[in-house]
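Let me begin by presenting the structure, written as structure tokens, before commenting on it.
The values are calculated or read from the model by the stated rules, or taken from the named source; none is laboratory data. Small disclaimer: the values here were computed from a predicted structure and weren't measured. All Cβ positions, glycine included, derive from the backbone under ideal geometry; neighbour counts span all protein chains shown. Just the protein is used for accessible areas: all its heavy atoms, side chains included, with ligands, DNA and RNA removed. Shrake-Rupley method; radii C 1.70, N 1.55, O 1.52, S 1.80 Å.
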Amino acid sequence: MSKNVIDTPLGDGGKLRLAIQKSGRLSEDSLKLLKDCGIDLRNVKDRLKTEADNFPLEIFFLRDDDIPEYVNDGVADIGIVGENVLYEKNKPVDIVEKLGFGKCRLSVAIKRSEEYSKEMLQGKRIATSYPVLVKKFLDENNIKADIHEISGSVEIAPGIGLADAVCDLVSSGSTLFMNGLKEAETILKSEAVLIQNKKLSEEKLNILNKLLFRIQSVKKAKNNKYILLNAPNDKLQEIIALLPGMKSPTVLPLATEGWSSVHSVLNENDFWDIIEQLKAHGAQGILVVPIEKMII
Ligand code: ATP
Ligand code: MG
């Protein structure tokens, strides 16, 4: 084999290797994101790894706890993992993009009958799967407490006398409630993020940039809606002022004299507010449709 072949940065076939959670709360959304990016995967079920048919990407299916380390070691080039796991594992990888799913909080919870103050945690036993993050929180607040690391079902610890409080992931709070606990203080807000190894070759960075461009287009599309409405011509200026669109709205005459059809793009956050105002200005037949991709 010539030296050239051994040294090539594309020695692994030149594909970018992405680690995602094998099965759990991030798996479905991670696969959906790839699908929305137009990436077709071969045979996803019960596999350790697979490849994309139409994009230079290889996917490894792993436990989420292992993803930061695999990306740092270079076994995978990039990964999708919750910020909670990333900060707990504390590996020197870079965050490329927040992905907007897997949202949750890491919170201290206490028995429902108790009053919360930070000081009440002094000298207490706190059960958690996140000892590093809990220690950081305690140190920052000058609290001395015992951290009991347990790997699952943390919420039952106070009930069986193993701990006085817990620090665990919460989304709705119903698991805490069912165990007689209440959320007292959030120590970290988390969502899924795309992470990358710090030393990617230029070829791999090129592929990553292509993937990132698609991810950002999908995210923008999710946050925006396409809106079509009929407007009386004498109110057109006011209605157009409410709808900036990507450049400016499209205005087409209707067959009915004195009316126009207005098309534009609306951000989800302002959505209901603007719809109210459009109606107040005489807009009719308002249609709102999802956008699949948005390239700006
Ligand atoms: P694995 O077998 O891969 O280690 P796990 O049991 O550790 O899986 P999951 O419960 O599937 O992990 O959660 C994966 C991630 O999903 C969490 O680390 C967190 O980032 C996110 N998440 C979102 N909402 C919640 C929630 N309500 N509870 C727990 N995790 C959540
Ligand atoms: Mg895990």
Inset, instruction - Please pull out the direction-averaged projected area of the chain, using the convex hull of its alpha-carbon atoms, in nm² to one decimal place. - result: 22.6
Inset, instruction - Divide the volume of the convex hull of the Cα atoms of region 160-203 by its number of residues and quote the answer in cubic angstrom per residue. - result: 143
Inset, instruction - Before anything else, pin down the relative contact order of region 157-296: Cα pairs under 8 Å, at least 6 apart, normalised by residue count, whole percent. - result: 27
Inset, instruction - In nm, give the distance between the simple-model label positions of residue 216 and residue 267, each being 7 Å from the Cα along the Cα-to-Cβ direction. - result: 1.6
Legend entry - FRET efficiency estimate (nearest 0.05) - Cβ-Cβ, residue 35 to residue 223, R0 22 angstrom: 0.75
Legend entry - Full-stretch length increase - residue 172, residue 277 - with 0.36 nm per residue and alpha-carbon distance subtracted: 34.5 nm
Legend entry - DSSP loop GluC sites (Glu not before Pro) with at most 12 other Cβ within 10 Å: longest gap in the chain: 116-256
Inset, instruction - For region 1-140, report the accessible area per residue in Å² (1.4 Å probe, heavy atoms, rounded to an integer). - result: 53
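Which trypsin sites (Lys or Arg not before Pro) from region 193-296 combine a DSSP loop assignment with at most 13 other Cβ atoms within 10 Å?
Working: sites: 198, 199, 204, 210, 214, 219, 220, 222, 225, 235, 247, 279, 293; in loops: 198, 199, 247, 293.
Of the trypsin sites (Lys or Arg not before Pro), the ones in loops of region 193-296 whose Cβ has at most 13 other Cβ atoms within 10 Å are 198, 199, 247, 293.
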Legend entry - Additional length obtainable on full extension of the chain from residue 189 to residue 160, 0.36 nm per residue less Cα span: 7.6 nm
Legend entry - trypsin sites (Lys or Arg not before Pro) restricted to DSSP loop in region 25-56 with at most 12 other C-beta within 10 Å: 42, 45
Inset, instruction - Let me know the whole percent of all Cα-Cα pairs from region 107-163 that are separated by more than 19 Å. - result: 22
Inset, instruction - Measure off, as a whole percent, the carbon and sulfur share of the 1.4 Å-probe accessible area of the chain, all protein chains present. - result: 50
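Give me the net charge for the shell around residue 180: Cβ to Cβ below 11 angstrom, other residues only, Lys and Arg +1, Asp and Glu -1.
Its environment carries a net charge of +1.
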Inset, instruction - Report the calculated FRET efficiency for residue 202 and residue 53 (r = Cβ-Cβ distance, R0 = 25 Å), to the nearest 0.05. - result: 0.55
Inset, instruction - Distance check, please: which entries in 136/222; 15/135; 49/219; 189/247 exceed 29 angstrom between their Cα atoms? - result: 136/222; 15/135; 189/247
